[in-house]
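Report on the structure given below.
The values are calculated or read from the model by the stated rules, or taken from the named source; none is laboratory data. Nothing here was measured: the structure is a model prediction, and the numbers come from that model. Ideal geometry is used to build each Cβ from the backbone, glycine not excepted, and the neighbour counts take in all protein chains shown.
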Amino acid sequence: MSPQSKHKEIQAHVATVCRQNAYSTKEEHGGGGWRADVLATKGLAKVAFEVQLAGQSLRRTIERQQRYARDSVTCCWLFERPLPKLSTERPDLPLFYVSQAAAGEFHVSLSGRNEVPLTVFIGEFLGGRIRFCPTARTKVEQSLRLVFFEMKCWKCQTINHIYYSEGTLLAACNAVIEPEEGLWESNQIEYRPEIVAAAKRFLATPAGTHLHLGEIKRRYSRTVNDSYLSFGCYKCDSIFGDWYVMEARMEAGYGFGQVARSEGTIRLAHGIELPIPHWCFSVGGDFCDGSRSD
């Protein structure tokens, strides 16, 4: 399909959905220094859609966006390729990426968090179920994969089994939540009570009864002259320093010393909220900043 044909087909799909949502719809409609591929109007609301399959700079895109804003028109951009120099999603620039699946259907990606059919996306955008959120908050239910691996006690030489969480925590719209974690701090995901409880449940199953996991608790470290949450030896209770745990975890990531895996779901008692600005797609009605769709 030629770029011109693809552009026309996408534009036609957008216009059709706008009309289906009771918007007065015009294609190739011009205004004061702008020309929208599709302009949808309902009452005081004016929404323009720009299908941008050819390359365009960030500066040029912002200039065109400002012309729409000047005339109180919300403009939604559908790019085919990533926009150079756009490193962070912006509240003044609703910009998404359109692609064509093997079956011919067009899809829209929200920066990899969600991918939906083009026709669904347009209806959701018009309905206010895609909005900008300055923060991202973990959803209550999370998928969990724990990888257990061997850890030899530095003091008594006993083989222990500790674990790491494989995967990421996700917000309501699948935005990735990556809390800051540093050595000798107590905010590591593996130490969260819900994950510790999940690990203990696995140890009580036939697949985990052969594992030896020491208590996760605060222990004193001479290295940092302080106490912090840590893994420790189940036999002599010696601290497993975070530095050595990190080294063992890196080796386990390549398959060395892995002994078991556990998969399931957990419910977070206390969520994590981070300043992650993004265009949020509310699937169940909740947005990442705690607001709800109308």
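Checking each residue in the range 274-294 for being within 27 Å of Ile195 (Cβ to Cβ), modelled with pLDDT under 85 and not small (Gly, Ala, Ser) picks out Val283, Asp286, Phe287, Cys288, Asp289.
Restricting attention to the range 12-42, the residues that are touching a residue at least 40 places away in the same chain (Cβ under 8 Å) and among the hydroxyl-bearing types (Ser, Thr, Tyr) total 2. Residue pairs whose Cβ atoms lie under 7 Å apart, separated by 6 or more positions or on different chains, with the first residue in the range 101-127 and more than 20 Å from Glu89 (Cβ to Cβ) and the second β-branched (Val, Ile, Thr), are Phe106/Ile10; Phe106/Val98; Thr119/Val17; Gly123/Val17.
Can you spot a residue in the range 71-80 that is more than 16 Å from Cys173 (Cα to Cα), buried (at least 17 other Cβ atoms within 10 Å of the Cβ) and β-branched (Val, Ile, Thr)?
Here is the first cut: in the range 71-80, the residues more than 16 Å from Cys173 (Cα to Cα) are 71-80.
When the remaining residues are screened for being buried (at least 17 other Cβ atoms within 10 Å of the Cβ), the result is 73, 75-80.
Subset that is β-branched (Val, Ile, Thr): 73.
Scanning the range 71-80, I find at least one residue that is more than 16 Å from Cys173 (Cα to Cα), buried (at least 17 other Cβ atoms within 10 Å of the Cβ) and β-branched (Val, Ile, Thr), so the answer is yes.
This table checks each residue for (1) farther than 13 Å from Ile122 by Cβ; (2) under 28 Å from the mean Cα position of the chain (by Cα); (3) among the basic types (Lys, Arg).
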site: Ser5; (1), (2), (3): yes, no, no
site: Gly33; (1), (2), (3): yes, no, no
site: Val51; (1), (2), (3): no, yes, no
site: Glu63; (1), (2), (3): yes, no, no
site: Arg67; (1), (2), (3): yes, no, yes
site: Phe79; (1), (2), (3): yes, yes, no
site: Glu89; (1), (2), (3): yes, yes, no
site: Leu95; (1), (2), (3): yes, yes, no
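Kindly indicate whether any position in the range 40-48 is crowded, with 19+ Cβ neighbours inside 10 Å and under 28 Å from the mean Cα position of the chain (by Cα). Within the range 40-48 (the criterion being crowded, with 19+ Cβ neighbours inside 10 Å and under 28 Å from the mean Cα position of the chain (by Cα)), the answer is yes, since at least one residue qualifies. So Ser238 fits all but one of (1) surrounded by 14 or more Cβ atoms within 10 Å (Cβ to Cβ); (2) under 19 Å from Arg145 (Cα atoms); (3) not hydrophobic (A, V, I, L, M, F, W, C); what number is the exception? The failed condition is (2).
Of all the listed residues (Glu150, Glu247, Glu194), the sole one being acidic (Asp, Glu), closer than 20 Å to Ala269 by Cβ and not in a loop (DSSP other than H, G, I, E, B) is Glu194.
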